[in-house]
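Reading through the structure tokens given below for one structure.
The values are calculated or read from the model by the stated rules, or taken from the named source; none is laboratory data. From a predicted model like this one, the values you see are computed outputs, not experimental measurements. Here Cβ is always computed from backbone atoms with ideal geometry, including for glycine, and neighbour counts include all displayed protein chains. Just so you know, the surface numbers come from the protein's heavy atoms only, side chains and all, with ligands and any DNA or RNA stripped out. Shrake-Rupley method; radii C 1.70, N 1.55, O 1.52, S 1.80 Å.
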Amino acid sequence: ENATTYQLHIYLSGPVERDCVIEKAGSIAIDLPAGSYRIAADVPDKSVIPFYAVRQLNVNTRWSSHFYVTPK
């Protein structure tokens with residue numbers, strides 16, 4: 001879910017790779033096989049720090065993420 005005022009670009013790397021764009025205030029659903037994933041996200045505004053994390057997706061598990069930007 002993209003709760004920012006920006007278009008959000010998501011990069012997933014693991015057993016499969018995905019490259020997705022989520023429009024501002026939008027959301028998407030992606031089906032992925034189990035495994036370890038590197039997840040990165042950025043927006044067009046270079047003053048916003050990109051997101052990076054590693055997550056383990058297990059079989060029959062649902063994972064969700066909510067992206068937002070807060071001022072310093």
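A few points about this structure:
- Residues that are more than 19 Å from residue 4 (Cα to Cα) and not hydroxyl-bearing (Ser, Thr, Tyr), drawn from region 20-57: 30, 31, 32, 33, 34, 35, 38, 54, 55, 56, 57
- Entry remark, region 1-27: residues being open to solvent by 80 Å² or more (accessible area, probe 1.4 Å) and either on the phi < 0 side of the Ramachandran plot or under 11 Å from the mean Cα position of the chain (by Cα) (or both) number 10 in total.
- A single member of 64, 47 is under 10 Å from the mean Cα position of the chain (by Cα), assigned to a loop (DSSP other than H, G, I, E, B) and of a type in the set (Ser, Thr, Tyr), and it is 64.
- Only listed residue being in contact (Cβ under 8 Å) with a residue 40 or more places away in the chain and of a type in the set (D, E, K, R), chosen from 17, 1, 23: 1
- Hits in region 1-44 (condition: assigned to a loop (DSSP other than H, G, I, E, B), under 19 Å from residue 61 (Cβ atoms) and charged (D, E, K, R)): 1, 31
- One residue stands out among those in region 49-65 that are of a type in the set (A, V, I, L, M, F, W, C) and loosely packed, with under 13 Cβ neighbours inside 10 Å: the one that is modelled with the lowest pLDDT, which is 63.
- Selected residue (criterion: farthest from residue 68 (Cα to Cα)) from residues of region 29-47 that are surrounded by fewer than 13 Cβ atoms within 10 Å (Cβ to Cβ), touching a residue at least 12 places away in the same chain (Cβ under 8 Å) and of a type outside the set (D, E, K, R): 33
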